[in-house]
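The values are calculated or read from the model by the stated rules, or taken from the named source; none is laboratory data. For clarity, every value in this text was computed on a predicted model and none was experimentally measured. Virtual Cβ from ideal backbone geometry, glycine too; neighbours counted across all protein chains shown.
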Amino acid sequence: MPREPRYDFRAVEEADLPLLGTWLRQPHVAEWWGDPDKGIAEIRQAMEEVSVEPLIVELNGRPVAYLQSYDPHMEDDHPYQDQPFGTLGIDISIGEADLLGKGHGSAIIAQFAEQLFEEGAPRLIIDPEPTNARAIRAYEKAGFKAFDTRTTIYGTALMMARDAEEE
């Protein structure tokens, strides 16, 4: 049986912003992110925030995805503050189109989830747009289960969670 790929996670740096801009302009990313310039501004701001950890995911040294974790309890009026204390939210976008549909999204999320649980997170949440079937399948494959649908300032979201106790 082939070994699952291991991914490396590193902090986003200023030098990564042009690559992130390229990814945000790809149709498969732009469909969910919207305006790429606004997206870059949001990532740049996240680089300065204490509540968000923006990361580049690498596969064999090749940057392949943007990933971030955030603490909804550290942001004033965040719509997910009803989640248990210690819960972290995560977001992911596979930047490289040639890697879509090959299981990388679920594998990245599963590996990152294990890391966050080892660091003490009791629960992880992710909030795909309800019509994003590809993302929902990947999150389910990584152990997330839907528990709510919400409309927030970010739009409509299918709330999905994975708890550390399920390990």
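Exactly one condition in (1) within 11 Å of the chain's Cα centre (by Cα); (2) at pLDDT below 90; (3) of a type in the set (A, V, I, L, M, F, W, C) is not met by I90; state its number.
(2)
In the stretch 37-59, which residue that is within 21 Å of G86 (Cα to Cα), surrounded by 14 or more Cβ atoms within 10 Å (Cβ to Cβ) and acidic (D, E) is nearest to the chain's Cα centre (by Cα)?
Result: E53.
From the set of residues in the stretch 2-36 that are within 19 Å of D127 (Cβ to Cβ) and not small (G, A, S), which is surrounded by the most Cβ atoms within 10 Å (Cβ to Cβ)?
L24
Where the second residue is part of a helix (DSSP H, G or I) and the first is of a type in the set (S, T, Y) and lies in the stretch 99-121, which pairs have Cβ atoms under 7 Å and are six or more apart or on separate chains?
Pairs that qualify, where the first residue is of a type in the set (S, T, Y) and the partner is part of a helix (DSSP H, G or I), are S106/A138; S106/K141.
Pick out the one residue from G101, G89 that is part of a loop (DSSP other than H, G, I, E, B) and either farther than 19 Å from A157 by Cα or touching a strand residue (DSSP E or B) at 6+ places or on another chain (Cβ under 6 Å) (or both).
Working: G89 fails: part of a loop (DSSP other than H, G, I, E, B).
Exactly one residue qualifies, and that residue is G101.
Residue check, A110 against (1) surrounded by 14 or more Cβ atoms within 10 Å (Cβ to Cβ); (2) modelled with pLDDT under 90, all met but one. Which one?
Only one criterion is unmet by A110, namely (2).
Out of the stretch 34-83, which residues are assigned to a helix (DSSP H, G or I), within 26 Å of A97 (Cβ to Cβ) and touching a strand residue (DSSP E or B) at 6+ places or on another chain (Cβ under 7 Å)?
Within the stretch 34-83, I43, A46, M47 qualify.
Mind checking whether some residue in the stretch 65-85 is surrounded by fewer than 17 Cβ atoms within 10 Å (Cβ to Cβ) and under 21 Å from N132 (Cα atoms)?
yes
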